[in-house]
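Reviewing the structure listed below.
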Amino acid sequence: MAACYHGFDPAAYLQYNYTAPRADFKRQDSIVPWKLGCLHRAFTEGDVSGELLVDIGSGPTLYQVLSGCEVFNRVILTDFLEVNRQELRRWLRDEGDCGLDWTPYLQHVCKLEGRQPSVWTEKAARLRAVVSDILPVDVHHPQPLAPGALSSVGADCLVSCFCLESVSPDLAAFTRALGHIQGLLRPGGHLLLIGALGESYYFGGPGVKIPVVPLNEAEVCASLKETGFTLIRLEVYTLPQDMRVGVDDVSGVFFVKAKKE
Ligand SMILES: C[S@@+](CC[C@H](N)C(=O)[O-])C[C@H]1O[C@@H](n2cnc3c(N)ncnc32)[C@H](O)[C@@H]1O
Ligand SMILES: O=[N+]([O-])c1ccc2c(c1)CN[C@@H](CO)C2
């Protein structure tokens, strides 16, 4: 699978998935506002707490920690590719020339939090303050992060979006990878997992076709149970026709909130 990611293009990937119509903050049925709403509710309903949030397979995106950065004092971002870690560093160091303007995302999450969108600069500053590391990760390894990356206790919360199914050749590999990241979490810690349903490929750049293991809801729930998670909530988004833009064959998106037993 690693070879499939040769040629992954962060800027193209962001353009394909994180601009309109998939990221249209004026549309109730756009995918990205739906994801941000799921994450906001999950992080703020009172049961998620602790010090350390780890995002597994961040890619070149930050949306997945815009709510969590208000709840945790330390956030670690991770990805398999240096090109993605570089993209994240560029934004976090405020170096400009980023692949995407995250301002509308910051403003949208501020609105979800009942704050004026104009305080998006405060959220940006908060995120830059709490992200302590941007680390390499390989979910196919029993220890996905380098030794010593986390304390022996583990993370208090994991978030992972469109990673496991996008790097696994089959359901067994997906479940093994889920088990590997489960080991990064402390007992009682939470997992917030977003992923693709019914997807068999996506383009990670022009001509960079990446295979995906097609999942259904039952398989996701069975894998969570098999790897020692208790499901708290599963939400599903079904793509309207005009969200199918030719960059993948995804039919739906799942959001899972679960707890490590
Ligand atoms: C579809 S992208 C998801 C990016 C982002 N989390 C999002 O929500 O859009 C999948 C990511 O998995 C990363 N990846 C590839 N192989 C991996 C591996 N073995 N372990 C962890 N991540 C991997 C890729 O570099 C890529 O950033
Ligand atoms: O609509 N979206 O917000 C969105 C974002 C990222 C991705 C998808 C859809 C579908 N394909 C996956 C790769 O497996 C990546």
Report task. Sort the following peptides by mean Cβ neighbour count (other Cβ atoms within 10 Å, averaged over residues), highest first: 69-80, 223-234. Result -> 69-80, 223-234
Query - Rounded Å value of the spacing that divides the Cα centres of region 198-218 and region 141-165 - result: 23 Å
Query - Antiparallel bridges, percent of DSSP beta bridges restricted to the chain (to nearest 5) - result: 50 percent
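Name the shape class, rounded, prolate or oblate, that the alpha-carbon gyration tensor gives for region 110-209, where a ≥ b ≥ c are the square roots of its eigenvalues, rounded holds for a/c under 1.5, and otherwise prolate holds if a/b is larger than b/c and oblate otherwise. Don't skip to the end; give the middle numbers.
Values: a/c = 1.97, a/b = 1.27, b/c = 1.55.
Oblate shape, in that a/c is at least 1.5 and b/c is the bigger or equal ratio.
Mind putting a number on the dipole of region 1-84 about its Cα centre? Charges go on the C-beta only, +1 for Lys and Arg and -1 for Asp and Glu, and I need it in Debye to the nearest 20.
Details: 6 positive and 10 negative charges, 59 e Å.
Rounded to the nearest 20 debye, it is 280 debye.
Ignoring ligands, DNA and RNA, what accessible area per residue does region 7-164 give at 1.4 Å, in Å²?
Details: 6490 Å² over 158 residues.
On a per-residue basis, 41 Å².
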**Report entry** More than 36 angstrom apart: percent of Cα pairs within the chain
**Finding:** 5 percent
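Rounded to the nearest 0.05, what FRET efficiency do V119 and E261 give with R0 = 45 Å and r taken as the Cβ-Cβ distance? Could you check? Mind dumping the intermediate values first?
Details: r = 38 Å, r/R0 = 0.85.
The pair V119/E261 has a calculated efficiency of 0.75.
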Report task. Note the count of lysine pairs whose C-alpha atoms are less than 21 angstrom apart in the chain, limited to pairs 8 or more residues apart or on different chains. Result -> 11
Report task. Can you send over the carbon and sulfur percentage of the accessible area for the chain, probe radius 1.4 Å, protein chains only? Result -> 52 percent
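Treat region 1-115 as a sphere of radius equal to its Kirkwood radius over Cα pairs and apply Stokes-Einstein at 4 °C in a medium of 1.567 mPa s; give the translational diffusion coefficient in µm²/s, rounded to a whole number.
Rounded, D is 86 µm²/s.
I need the shape label for region 8-50. Rule: rounded when a/c is under 1.5, else prolate if a/b > b/c, else oblate, with a, b, c from the alpha carbon gyration tensor.
Details: a/c = 5.03, a/b = 1.67, b/c = 3.01.
Oblate is the answer for region 8-50, as a/c is 1.5 or above yet b/c matches or exceeds a/b.
The values are calculated or read from the model by the stated rules, or taken from the named source; none is laboratory data. Model, not experiment: these values are computed from the prediction. A quick note on method: Cβ atoms are made from the backbone with ideal geometry, for glycine too, and the neighbour counts reach across all protein chains shown. Accessible surface is based on the protein model in full, side chains and every heavy atom, while ligands, DNA and RNA are left aside. Shrake-Rupley method; radii C 1.70, N 1.55, O 1.52, S 1.80 Å.
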